[in-house]
Amino acid sequence: MRDLPRGTVTFLFTDVEGSTRLLHELGAEDYAAALAEHRRLIRAACAARDGVEVDTQGDAFFFAFPTAPGALSAASAMTEALASGRVQVRIGLHTGTPLLTEEGYVGDDVHFGARVAASGHGGQILLSAATGALLEPSDDSSRGVSLIDLGEHRLKNIEGAVSSLQLGEGSFPPLKTISNTNLPRPASSFVGRERELAEVLAKIEHGARLLTLTGPGGTGKTRLALEAGATLVPEYKAGVFWVGLASLRDPALVSETIAQVLGAKDSLAERIAERELLLLLDNLEQVVDSAPELSQLLSACPNLTLLVTSRELLRVQGEVEYPVPPLAEPEAVSLFCERAPVEPSEEISELCARLDSLPLAVELAAARTKALSPAQILARLSQRLDLLKGGRDSDPRQQTLRATIEWSYDLLPPEEQVLFRRLAVFAGGCTLEAAEEVADADLDTLQSLVEKSLLRFSDERYWMLETIRDYAAERLEESEDRAWTRERHTEWVLALSEAAMLGLQSADNRDWLNRVEVEYANIRAALASLAQKRDVAAQAELISRLWVFWDRRGHWREGLRHADRVITATVGQRSEERSTVLGVAGNFASKLGEVGAAYDFSAEALAIARELGEPKAITRRLILLGYVAGTRASYAEAEGLLQEARELARATDEPLQFVSATINLVDVVIRQHKHARGVRLGQEAVSAGRELGSPDLVAYALCSLAFSQIGMDDDAAALATSKEGFSIAQSLGTPDVLSLTVNLLSALAARRGDSVAGARLLGVVDVLRERLETPLAGPDAELYQVTLAQLRSDLGEERFRSARAEGKKISRDETVEQVFTP
């Protein structure tokens, strides 16, 4: 190992392509001879260029070179020497600064280099961007080198997409990497549409950066867009990604949904930047007001293309419309016969024509061939279509599709019709139990609707295509059971929230946080319905039961909007409901940095609770107002309120509230730089939280304890405490606590001189706080600023920015060790 190069090292990995096949073709003896010759040639090529053999396993080699040009020259030489033989090798080069130990190299660079090699093919030489950057044309050893940019690819166990380069102009199959796309794979084949597909691709090829596929529901916009996206994957180096928007109703959530798909931890525009990326935004019509924001995103990202499906144009600058036409008659017949399956006939041709050859209409008709012949279907359809024509101003395609769904609906038995329209009340689908409770569903009827393509079933949930759900919702609005069904849905959401409240406010609430997340579209729908009906009492119930979910998931602004609506509607009331909602608003306002509003909300909440004389409510309001008073530097007031809360929690046997009050008291003590007392109180809070079995409170308590330990210059204890807090917060998925613990870890790294790690961790903090839409506050913000200044001084501005940018790419799901490795 003493002979291995140190510092900046270029790794070269080789592996024989199709070794098992060669063994069978050549036989053991000839294969062994070919393999031996291959080893001799590789070793000779590397030795002549200062390459050192690190390891060999089977037919694979691992060499290290002191220079990138030397490694590239060796790769070229061995590939040329092997070109005439049966043995071909794939070669990967990567440059880094690995740790050299007595056992060899250690670090991510070793794994990265191996993954680069594994993605190639026999005779192909691949380089990482780090190696390519060291091959300057001005360098004599690099002259004549021709590198081809193969774009960004995802390598197994490597975070994010990485650039891949190829030496030479050779033609090889696509790299063996994780596909740089999340496009859904349709269960059925793509029938017809060759002309439309070619036209869509041509528009994008000719420069359309915002292409909107328009048309009514059922014309096949999504299917055509998916086929176009799949065809374009090789053309976009950063990938092609599908973003489903059908369940959204709030335009403000569109960018957030895109960011979640892309894994954007900083701003969306910064994440995309100059990457060559195509986004397929599916079902945008109900959130079309997001169009100006999407237009700004396009302006900020010069290589971004948006392929949109919508029933309505976005009407922004640069938009190109592509109205998706019906299928050509032969294609419609082919689609019907493939889905049925039946043989083509005149009846089927006429049937498709009467359906205007709309894909969804054809598929719904084909689904009925299990019970009716094509001629019977045609006869029934002819009786209904003439009665369902819209006015002169109606879109004829929408008119025809409505008639088709109407026909399918009328073919249902009465009990299936009732269930079909009732199920429209669910947003985002539902479980079997929810369908039974809200819509009086039974399993046989649900299964029948699934088989007739009017209902879908996946992941243990029933759901409708949005086009069909829109129609079902119209029928529900016209029916006598409209109010009954909506009331049942609201009652179900309220019952769910009541069960959730107990789970969310329990010591270990992880399962309930996830359960509420799954049903959140239904909860949002219920809140919107209650707001429309001005049912303030029910809104207040939902807010009081769900505030922990909003709090832990960082939905502070959304929660504050709901709370503010109830507060405005209940001015002058002195009820427990108003007190609770005021408390929720105070909590979220404080976390959003709106300290004045937070204090006013919290003070009124406490005043009402004292008037009503309910000790447990008083305890909660004391804790909140004490925390907010501390953020206003009213330390005496804050300590008095929190001490009172601790005493009242003991008296009423509320250990959770006692721990919460203690944690907030530590925060007040820290703000006064009384760190010795902070350590004592922090240890008390951690111990009490453990005894309760509440990982949530333990994580917050550990943050407070670690901060005080830093104040006492006990960095070793603070490091252990912070790492434990990080691990717990990571398992809970709470960005707030994660950001606090990583902020502590960054400060500790800086204090011990590990500046690169400190800067990387500071980048992680930035990402987490941006996700929460609010900066750090109070002592946490002060610690951040001190760390920031120290790291800039220690590293210099350029190195600091580079390390901080690396940190912004780190996933929150990585372990402490991965995050903390410089």
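Which value, in Å to one decimal place, does the Kirkwood hydrodynamic radius take for region 732-787 when every pair of different Cα atoms is included?
For region 732-787, the Kirkwood estimate is 11.0 Å.
Tell me, what is the per residue accessible area of region 76-131 in Å², probe radius 1.4 Å?
Per residue, region 76-131 has an accessible area of 41 Å².
With all protein chains present, how much of the accessible area of region 520-566 (probe radius 1.4 Å) comes from carbon and sulfur, to the nearest whole percent?
49 percent
In whole Å, what are the Cα extents of region 510-563 along the three principal axes, biggest one first?
Principal-axis extents of region 510-563 (Cα, largest first): 32, 19, 15 Å.
log10 I(q)/I(0), Debye, Cα-only region 213-267, no solvent, q = 0.21, 0.26, 0.27 Å⁻¹?
For the requested q values the scattering log ratios are -0.99, -1.12, -1.12.
Remind me, relative contact order of the chain in percent, using alpha carbon pairs under 8 angstrom and six or more residues apart?
It comes to 6 percent, rounded to a whole number.
Pairs of Cα atoms under 8 Å, at least six residues apart: use those to get the relative contact order of region 1-84, whole percent.
Relative CO of region 1-84 lands at 42 percent.
Which stretch or stretches of region 346-376 have amide N atoms under 20 Å from the point lying 7 Å from Phe457's Cα along the Cα→Cβ direction?
364, 367-371
Please give the net charge around Leu612, taking every other residue with its beta carbon less than 14 angstrom from that of Leu612, where Lys and Arg add +1 and Asp and Glu add -1.
Spelling it out: positives minus negatives among the neighbours equals +1.
Can you give the net charge of the other residues whose Cβ lies under 13 Å from the Cβ of Leu592, counting K and R as +1 and D and E as -1?
Local charge sum for Leu592: -2.
Sorted from largest down, give the three principal axis spans of the alpha carbons of region 87-137, whole angstrom values.
33, 31, 15
Residue-wise, which Karplus ³J(HN,Hα) couplings in Hz belong to region 694-702, taking 6.51 cos²θ - 1.76 cosθ + 1.60, θ = phi - 60°, and x for glycine or proline?
10, x, 4, 5, 4, 4, 5, 5, 5
Given Lys221/Lys809; Lys237/Lys808; Lys156/Lys237, which pairs have Cα atoms separated by over 24 Å?
Flagged as over cut-off: Lys221/Lys809.
How large is the convex hull of the C-alpha atoms of region 487-641 per residue, in Å³?
For region 487-641, the hull spanned by Cα atoms encloses 109 Å³ per residue.
Can you run phi through the Karplus equation (6.51, -1.76, 1.60; θ = phi - 60°) for region 30-40 and list ³J(HN,Hα) in whole Hz, with x for Gly and Pro?
5, 5, 4, 5, 5, 5, 5, 5, 4, 5, 4
Give the average over all directions of the projected area of the C-alpha convex hull of region 1-155, one decimal, in nm².
Dividing the Cα hull surface by four gives the mean projection, 9.4 nm².
So, counting K/R as plus one and D/E as minus one, what does the shell of residues with Cβ under 15 Å around Tyr627 add up to?
So the surrounding residues net to -3.
Principal axis lengths of the chain from Cα atoms, whole Å, largest first?
90, 87, 50
Full-extension gain between Glu103 and Lys809, please, as 0.36 nm times their residue separation minus the C-alpha to C-alpha distance.
My answer for the length gained is 251.1 nm.
Gln643 to Ala129: FRET efficiency via 1/(1 + (r/R0)^6), r the Cβ-Cβ distance, R0 56 Å, to the nearest 0.05?
Calculated value: 0.45.
State in Å² the accessible area per residue of region 566-667; use a 1.4 Å probe, count heavy atoms of protein chains only, and round to the nearest integer.
38 Å²
Which value at 222 nm does the chain reach when only helices count, each DSSP H run of 4 or more adding -39,500 (n - 2.57), with the total divided by all residues and rounded to the nearest 500 deg cm²/dmol?
After summing the helix terms and dividing by the residues of the chain, the value is -19000 deg cm²/dmol.
With r defined as the distance between the Cβ atoms of Ala33 and Val233 and R0 fixed at 41 Å, what FRET efficiency is calculated, to the nearest 0.05?
0.45
Taking 22 Å as R0, compute the FRET efficiency from the Cβ-Cβ separation of Asp470 and Asp535 and round it to 0.05.
Efficiency computed from Cβ-Cβ geometry: 0.35.
For region 18-131, with the dipole built from +1 on Lys and Arg beta-carbon atoms and -1 on Asp and Glu ones, taken about the Cα centre, which of Thr20, Gly120, Gly70 lies farthest toward the positive end?
Checking the options against the dipole of region 18-131, the answer is Gly120.
The values are calculated or read from the model by the stated rules, or taken from the named source; none is laboratory data. The shown structure was predicted, so the numbers you read here are calculated from the model rather than taken from an experiment. We place every Cβ from the backbone using ideal geometry, glycine too, and count neighbours over all the protein chains shown. Only protein heavy atoms, including side chains, enter the accessible area calculation; ligands, DNA and RNA are left aside. Shrake-Rupley method; radii C 1.70, N 1.55, O 1.52, S 1.80 Å.
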